[in-house]
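The values are calculated or read from the model by the stated rules, or taken from the named source; none is laboratory data. The structure displayed is predicted, hence computed values, not measured ones. Counting neighbours? That spans all protein chains shown, and the Cβs are built from the backbone with ideal geometry, glycine included. To get the accessible areas, we keep the full protein, side chains included, count just its heavy atoms, and leave off ligands, DNA and RNA. Shrake-Rupley method; radii C 1.70, N 1.55, O 1.52, S 1.80 Å.
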Amino acid sequence: SIRTSQNHESGNRNQPAISPPHICRPGSHDKKGTPMSIVILGGNECMERRYMDLCQSYRCRAKVFIKPVGGLKNKLGDPDLTIFFTSTMSHKMVQSALRELKSCDTVIERCHTSSLSALRNILEKHAG
């Protein structure tokens, strides 16, 4: 469920409340001090911006691919963490991404739900 703020002045009672950005997290950087790079595959199209904002609040760089795209290998790069939201991905997209990531040294996390709280739990585990 999404928390909603009670903003009476503007009349927007059902706007989702966005938690404030987290302060520097020691685990969200690699050995060289560069931000952790994350690739998110699948998810909801309307949530794409929120996924990126949440990753940014954990001081991580994120790429989000909601729909299957051609040339996935060139676009993925070499991420530190790859997240599959499997309920919203086609089987073909999962298999293609796994083939492309086989040679990369990346952590693959699969999650059936594509909610913001599921992403937050994954980020807490790997970047928090």
Answer with yes or no whether residue 65 is over 21 Å from residue 128 (Cα atoms) and modelled with pLDDT of 90 or more.
yes
By residue number, the members of segment 70-128 that are outside any loop (DSSP other than H, G, I, E, B) and in contact (Cβ under 8 Å) with a residue 60 or more places away in the chain are 116, 119, 120, 123, 126, 127
Would you please name the residue that is modelled with the lowest pLDDT, looking only at residues in segment 22-56 that are surrounded by 19 or more Cβ atoms within 10 Å (Cβ to Cβ) and polar (S, T, N, Q)?
28
Counted residues, segment 76-117 - those being open to solvent by less than 40 Å² (accessible area, probe 1.4 Å) and either closer than 12 Å to residue 40 by Cα or in contact with a Gly (Cβ under 8 Å, 6 or more places away or on another chain) (or both)
14
